[in-house]
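Heads up: the structure comes next, in structure tokens.
The values are calculated or read from the model by the stated rules, or taken from the named source; none is laboratory data. The structure presented is a predicted model; accordingly, all values stated were derived computationally and were not measured. Ideal geometry is used to build each Cβ from the backbone, glycine not excepted, and the neighbour counts take in all protein chains shown. Please note that ligands, DNA and RNA were not included when accessible areas were found on the heavy atoms of the full protein model with its side chains. Shrake-Rupley method; radii C 1.70, N 1.55, O 1.52, S 1.80 Å.
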Amino acid sequence: MTALTPDEWQALGLSLRVGLIAVVAALPFALALAWLLSRKRFPGRALLESLLFLPLILPPVVTGYALLALFGVHGPLGELLGAFGIVVAFRWTGAVIAAAVMGFPLLVLSIRAAFDGVDRRLEAAAETLGAGAWRRFATITLPLSLRGIVAGCVLAFARAFGEFGATISFVSNIPGETRTLPIAIYELLNTPAGMPGVQRLALVSLLVALVASVSAAFVAGGAPWRRREDA
């Protein structure tokens, strides 16, 4: 199998950039929402959890259409951003938004599970010693949840890296701007003699998915030798 072509490297680089920025941008919101769902009971909590699962349940093309309706030139958020000279539809920044939305549920669920696993008695003890909510979160909850948070970031990145349906619906296929690796694969599938490129990019996708999956499992479960020592 030959090396990637310049266009394929460009698509790979864009996918990596989109995936990384999507996770970084979504992480603060995911931390806040995961903490809220893990620690608080409030009216409408079940509805909020249901809305969180929507990107995982809806066809990605529908999610992309919804983003286009919101962030398009004539959409409510698009007009608001346009007043500041910001356009995200049919831009790589729009691909970041689509990737962040699709990976957000996995990120929140992983972080929430990590928060749920923290011993509440440690937080209660810190509270009796005068530690405020922010200090308890920063010194107890966050450090003890770090493995789950990192694992969630890895899974969300993998989901963002492989995003196709919402991305192509929202930002289309513009070489050098929005043509991510999955879109490049789809384009090559519809191109005569494009099969060698499909095979190269499919192999790259498989390698990224395997690395992400193994990394997430390793981080979430801890190093095998540490588990043996702890036992």
How large is the accessible surface of TRP92 in square angstrom, using a 1.4 angstrom probe and rounding to the nearest 10?
70 Å²
For every other residue with a beta carbon closer than 10 angstrom to the beta carbon of SER145, add +1 if it is Lys or Arg and -1 if Asp or Glu, then tell me the sum.
+1
Taking every other residue with Cβ under 15 Å from the Cβ of ALA133 and scoring Lys and Arg +1, Asp and Glu -1, one gets +3
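So between ALA125 and TRP9, what do we pick up on full extension, going 0.36 nm a residue minus the alpha carbon distance? Intermediate results must be reported in sequence, preceding the final value.
Values: separation 116, 0.36 × 116 = 41.76 nm, distance 5.25 nm.
Extending this stretch completely gives an extra 36.5 nm.
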Nearest-0.05 FRET efficiency for VAL24 and ALA83, computed from C-beta distance (R0 25 Å)
0.45
